[in-house]
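Everything on this sheet refers to the single structure shown next.
Just so it is clear, none of the values below were taken in a lab; they were calculated from the coordinates. The shown structure was predicted, so the numbers you read here are calculated from the model rather than taken from an experiment. Note that each Cβ is placed from the backbone with ideal geometry, even for glycine, and that neighbours are counted across all protein chains shown.
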């Protein structure tokens with residue numbers, strides 16, 4: 001009787017060139033669609049809420065992408081979103097491997113985005129209509 005043959009399995013194998021997240025996300029995956037849609041949005045009203053100086057902030061466009069993608073995945077808790085940013089390849093890709101913690105996500109959503117949510121989502125809706133994705 002022949003011995004079973006298995007594919008090589010080594011969790012600790014080092015790689016000279018790490019795989020790019022870009023290569024791991026299918027071409028028309030929803031995360032790419034969200035990325036393209038948010039890239040096409042005008043978020044000037046949101047950016048204008050940031051003051052100059054001080055420590056750097058996470059880019060609001062990245063934060064919106066993470067939130068919108070999260071909502072499409074039925075993730076609403078800032079703790080769940082923060083965990084996904086650490087563990088899920090799609091989240092790592094859309095965030096550019098940024099990892100805002102749950103407090104930062106919650107503050108962005110409840111403070112920054114609250115001030116101009118109507119303008120941001122009106123811009124998104126306008127873009128969706130233009131692309132004929134909604135009527």
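Observations, loosely collected:
- Condition check for residue 69: without any contact (Cβ under 8 Å) to a residue 60 or more places away in the chain and over 22 Å from residue 133 (Cβ atoms): no
- Cβ separations smaller than 7 Å between residues 6+ apart or across chains give the following pairs from segment 99-112 residues that are without any contact (Cβ under 8 Å) to a residue 60 or more places away in the chain and at negative phi to residues that are in a helix (DSSP H, G or I) and surrounded by fewer than 14 Cβ atoms within 10 Å (Cβ to Cβ): 99/86; 102/79.
- Among the residues of segment 60-79, none qualifies, meaning not one is farther than 29 Å from residue 126 by Cβ and crowded, with 18+ Cβ neighbours inside 10 Å.
- Qualifying helices (runs of 4 or more DSSP H) (wholly inside segment 50-135; at least 1 residues being farther than 20 Å from residue 40 by Cα): 78-87, 89-94, 102-107, 113-130
- Residues of segment 83-103 that turn out to be surrounded by 14 or more Cβ atoms within 10 Å (Cβ to Cβ) and out of contact with any helix residue (DSSP H, G or I) (no Cβ under 8 Å at 6 or more places or on another chain), as a count: 2
- If the condition is being out of contact with any helix residue (DSSP H, G or I) (no Cβ under 8 Å at 6 or more places or on another chain) and touching a residue at least 60 places away in the same chain (Cβ under 8 Å), then segment 31-47 contributes no residue at all.
- All positions within segment 113-132 that are free of Cβ contacts under 8 Å to residues at least 60 places away in the same chain and farther than 23 Å from residue 78 by Cα: 122, 125, 126, 129, 130, 132
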